[in-house]
Amino acid sequence: MKNESFLNKGNTIMQDRRSFFKILGGLSLAAAFGNIPMQLLAAKAEDYIKISVLSTNDVHSRIDPFPNTDKRNPGMAGFARRAAIIKNIRKKEDHVLLFDAGDIFQGTPYFNLYGGELELKLMSEMGYDAATMGNHDFDNGLEGFKKQLPHANFPFLTSNYDFSNTILSDQTQKWTTFQKGPIKIGVFGLGVKLEGLVSKNNYQETIYQDPILIGNKMADKLRAQGCHLIIAISHLGHSYKNKNVSDLVLAKESHNIDLIIGGHTHTFLDQPDEIINKNGNKVLVSQSGWGGILLGKIDFYFSKKDFSKISSINTKIKVKNQ
Amino acid sequence: MYSKLLTALIISAFVTSCGQEKEWKLNNAIGNYLQVDFSNAIVQDSAILAEIAPFKQHLDSSMNIVIAQSEKEYFKKKPNGSLNNIVCDMVFDVITKRFDKSPYKPDLCLLNYGGLRRPLPKGDIMISDIYQLMPFQNESVICQLSGKQMNEMFQYLKKSNGQPIANMLITFTKDQLKSVTIGKLPYDSTKTYNVLTSDYTAKGGDKMNFFLKADTMVLCGSLLRDDMFTYIYNQKDKKLVASDEKRIIFE
């Protein structure tokens, strides 16, 4: 495993950082360094590679911004505005990936009238690299989903749904990889249990498979293929009070996943959660609310030099506005 | 002074950390959530806006049509909410009239709380408001439930802290069912009741498994949403007033 030392020395580092904070006094870290991890300030640009992973989830056909009369989110979100932000990021960054964690469909009359056509067309235009299926993406049945697929120029990754006895057989992928400079990124998708959540008519003979079993299988396979970064796009939900499989449970039970981009529970986080996996390494669990109110942005820094002594995961800097 | 200290620290950190050339490996990650609002991108992407425009125009002309007025804003709430009541009452009214002479005429209505997706706004109600409240293509169905299944339904109502219902009043004490009235009559456990619901819950959606055991399920031939439109269409003054009756009481 090439990056087994990934972020697993957090404790000693945090102590270093605390003393650093003391020396800096009142000077805000974010103000001093912007978004660049502090040890990389000492590195030359060619010493590290930055991969920016952007994500949305549960956009629920929110094509237009929320109306100004909306109580909770007046005037927020909207595809055209998100597209502008993404374009700006692409101008600044060399390596950008863009994912959606499902429930693209349902929630505004755009879906009732056009069945998801516009959602997928616009996502294609915005350069989405992959998405997974949420339970509401089954709302017009397997046929309704299949009918819209030609409007998407990106793959749907559904690793734990066995569609082989359905019309979606061969319409989605189990996994895919991306090459960004020297960095290889492996991505797969996990869906939520459909029974009791989606009408049987709408999922038919789709077989739901254990997401932990499949997730670990996918991640191991992708690691063996030399992936430096392994991402699960999940519609399992962030966490539950009961024993249902969630992203947090998956993270704990995993051994090769670096990032879980979640959905389903419409969870707003101040920062991605850090979970220790079976190997004692950190896994990031993210989710970006819903409706396109937030765009998740996680920057991964790769280096050939061994900075591990002073490296730690740093998700504490919260930048709401660019 | 800070900057000198800082430089010294960074240099020492860099010197001690200079190792051998290796494979690329993951070193650090920073997560942010960018708010998609006016402060973030004043200019909307013009290509995307142009692509939306014809869809939006068509949608506005077919959906943003005022069909009724609402006295207040109606919200869903557990165990009782004005939105819970008005939606159930509208659908129940339309289906009981349609099935008036039928043996399947509904005795009560039970919908799922999760199916109510948006409040009904105050003032003008447009077609799009009804779509957003009830976006799913769920059909109205009637399930015949025996006493045993009714009892499971009561337990479900208790466990889930209430669901939208119509034509039924139910009271729970701390541990058990205290009383049930259906229509104007007390509940009779020897009787079979016709329960109006959606095909989603009738097939066990939201774990309403008691519906799966129903001997008879009758399709009403309409979507729940269309029943709401029918109700409004038949209403003379086009004013939507929700009942604030407490139908599920926990003592």
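The values are calculated or read from the model by the stated rules, or taken from the named source; none is laboratory data. Fair warning: this is a prediction, and the values are worked out from it, not measured in the lab. When we count neighbours, we look across all protein chains shown, and the Cβ atoms used for this are built from the backbone with ideal geometry, even at glycine. Calculation scope for accessible area: heavy atoms of the full protein, side chains included, ligands and nucleic acids excluded. Shrake-Rupley method; radii C 1.70, N 1.55, O 1.52, S 1.80 Å.
The order of B:Thr201, A:Thr176 by accessible area, most exposed first and with a 1.4 Å probe, is A:Thr176, B:Thr201.
In order along region B:96-112, the Karplus-derived 3J(HN,Hα) couplings, from 6.51 cos²θ - 1.76 cosθ + 1.60 at θ = phi - 60°, round to 5, 5, 5, 9, 3, 9, 8, x, 9, 3, x, 8, 7, 10, 9, 10, 9 Hz, and Gly and Pro are given as x. Could you check how many percent of all C-alpha pairs in region A:151-215 are farther apart than 14 Å? Within region A:151-215, distances greater than 14 Å cover 63 percent of Cα pairs. Which residues does the label zone of A:Lys71 cover in region B:88-120, counting backbone N under 12 Å from a point 7 Å along Cα→Cβ? Taking a point 7 Å out along Cα→Cβ of A:Lys71, the residues of region B:88-120 whose backbone N falls under 12 Å are B:118-120. Carbon-plus-sulfur accessible fraction, region A:212-251 (probe radius 1.4 Å, protein heavy atoms only): 59%.
Over all orientations, region A:33-172 has a Cα convex hull whose mean projected area works out to 11.1 square nanometres. Taken over region B:74-250, the alpha-carbon convex hull comes to 109 cubic angstrom per residue. For the pair A:Tyr208 and A:Ala224 in one chain, pulling the backbone fully straight at 0.36 nm per residue adds 3.2 nm over the alpha carbon distance. With all protein chains kept in place, the per residue accessible area of chain B amounts to 50 square angstrom at a probe of 1.4 angstrom. A 1.4 Å probe, protein heavy atoms only, puts the accessible area of A:Tyr48 near 50 Å².
Exceedance of the 22 Å cut-off in Cα-Cα distance is limited, within the set A:Lys221/A:Lys282; B:Lys105/B:Lys203; B:Lys184/B:Lys239; A:Lys180/B:Lys22; B:Lys77/B:Lys158, to B:Lys184/B:Lys239.
Once all protein chains are placed together, B:Ser61 keeps about 80 Å² accessible to a 1.4 angstrom probe. What's the Cα-based Rg to Rh of region B:121-183, Rh via Kirkwood? Taking Rg over the Kirkwood Rh, I get 1.09.
For chain B, the longest principal axis of the C-alpha atoms and the axis of helix B:224-234 are separated by about 60°. Working from the Cα coordinates of region B:148-251, the gyration tensor eigenvalues give, after taking √(5λ), semi-axes of 25, 19, 13 Å in decreasing order.
Using a cut-off of 20 Å between alpha-carbon atoms, which aspartates and glutamates can reach A:Lys71, once sequence neighbours fewer than 8 places away in the same chain are excluded? Leaving aside aspartates and glutamates fewer than 8 places away in the same chain, those within reach of A:Lys71 are A:Asp58, B:Asp37, B:Glu71, B:Glu73, B:Asp124, B:Asp129. Placing B:Trp24, A:Trp175 in order of accessible area, with the largest value first and a 1.4 Å probe, yields A:Trp175, B:Trp24. Rounded, prolate or oblate: which fits region A:246-311 when a ≥ b ≥ c are the square roots of the eigenvalues of the alpha-carbon gyration tensor, with rounded for a/c under 1.5 and prolate only if a/b beats b/c? Oblate, because a/c is 1.5 or more while a/b does not exceed b/c. For B:Lys72, the amide hydrogen comes within under 5 Å of the amide hydrogens of B:Gly123, counting only partners 5 or more places away or on other chains and with H modelled in the peptide plane. With an a/c value of 1.5 or above and a/b not larger than b/c for the gyration tensor axes a ≥ b ≥ c computed over the alpha-carbon atoms, region A:108-223 is described as oblate. Averaged over the residues of peptide A:293-303, the number of Cβ atoms from other protein chains lying within 10 Å of each residue's Cβ is 5.
Does anyone have the angle between helix B:2-17 and the longest principal axis of chain B? Alpha-carbon axes, 0 to 90°, nearest 10? Helix B:2-17 sits roughly 90 degrees off the main axis of chain B.
Between A:Lys243 and B:Lys105, the FRET efficiency from the beta-carbon distance, with R0 = 30 Å, is close to 0.10.
If R0 is 51 Å, the Cβ-Cβ spacing of B:Leu185 and A:Phe268 corresponds to a FRET efficiency of close to 0.60. By how many degrees, between 0 and 90 and to the nearest 10, does the Cα long axis of helix B:46-63 differ from the longest principal axis of chain B? Long axis of B:46-63 versus the principal axis of chain B: about 10 degrees.
Taking all protein chains together and a 1.4 Å probe, the residues B:Asp188, B:Asp175 rank B:Asp175, B:Asp188 from largest to smallest accessible area.
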